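Enquirer: Starting off with a structure, shown below.
The values are calculated or read from the model by the stated rules, or taken from the named source; none is laboratory data. Note that the structure is predicted; figures quoted are calculated from it, not measured. For the accessible areas, the whole protein counts, side chains as well, though only heavy atoms, and no ligand, DNA or RNA atoms are used. Shrake-Rupley method; radii C 1.70, N 1.55, O 1.52, S 1.80 Å.
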Amino acid sequence: MSKPVLTKPAPRSDIIKSVCVFCGSHNGADPIYVEQAKILGHQLANQGYRLVFGGGSVGVMGAIAQGVLEKGGSVLSVVPETLYKQGSRQLGDVVVVKDMHERKKTMAKESDAFVVLPGGKPCRKSYVVFLTLPCSPLIFAMIGYGTFEEMLEMITWSQLNIHSKPIILLNTKNYFGLFVQWIHHCIQEKFVPEGNAEIFCVAETIDEVLASLISYQAPSTRYGFSWAEEQDQKDQQAENASLM
């Protein structure tokens, strides 16, 4: 199937009001991960951004939410019903959703931009599942499952022109270094268009994260699918059916 040329990028808000942060519920091996998350939380609140996240109260997730709340900011926790029933503790306002898929959809809908911090639960044997992929498997042993999956889905949605929102990776301790190498390997092997490496930005500092949220421009090499028009048609059809 040929990919349509992008002529009408998915609209994005001119003003960022809410930032979705993907990160882990573990502290990581180095205290700097939690420290950076707390500082980023302070800065998001200082800038007036609402935090949208997965609802955890521990690890890197808990640190960024606590950082926002400490500075009087607003937090929206999006948690699947199963985890909520198991007694997981949330911070801020809480939205309970049906499952993990609805969680990502809700977080995306409620946000104007995405920031990715180190996270997930690393597994030394996780690469075995991905050996059939035409790219280096090493990256999957280094990044945790959950954060990696959330990040890649938002990158994929942007490539398909479902959204044009900023996606910023905070590269604490070069955590995402191997991921960037893997993307360049995929480009070299002609599985990812070269320009689409710019769908996400890598920030080395928190100041760079904040600057990138403002300066980000989604690349023109993305695919020109028109999801909004199709959804508008479905909404109109549903509305017409309800009136019959």
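Enquirer: What does the accessible area of Lys173 come to, in Å² to the nearest 10, when a probe of 1.4 Å is used?
Expert: Per-residue accessible area (Lys173): approximately 120 Å².
Enquirer: Ok, one more. Using only protein heavy atoms and a 1.4 Å probe, report how much of Tyr84 is accessible, in Å² to the nearest 10.
Expert: Accessible area, nearest 10 Å²: 110 Å².
Enquirer: Same structure, new question: For the pairs Lys105/Lys190; Lys85/Lys109; Lys109/Lys190; Lys85/Lys173, flag any whose C-alpha to C-alpha distance is greater than 26 Å.
Expert: Lys105/Lys190; Lys109/Lys190; Lys85/Lys173
Enquirer: Now for a separate question. Can you sort Asp207, Asp99, Asp14 by solvent-accessible area, 1.4 Å probe, largest first? Write down the numbers at each step before the final one.
Expert: Values: Asp207 115, Asp99 55, Asp14 155 Å².
In descending accessible area the options line up as Asp14, Asp207, Asp99.
Enquirer: Which order do Phe191, Phe225 take when ranked by solvent-accessible area (1.4 Å probe, heavy atoms of all protein chains), largest first?
Expert: On the way: Phe191 125, Phe225 50 Å².
Ranked list, largest accessible area first: Phe191, Phe225.
Enquirer: Which whole-Hz ³J(HN,Hα) couplings does the range 42-51 yield from phi under the Karplus relation 6.51 cos²θ - 1.76 cosθ + 1.60, θ = phi - 60°, glycine and proline marked x?
Expert: Karplus-based 3J(HN,Hα) across the range 42-51 equals 4, 5, 4, 5, 4, 7, x, 7, 7, 8 Hz.
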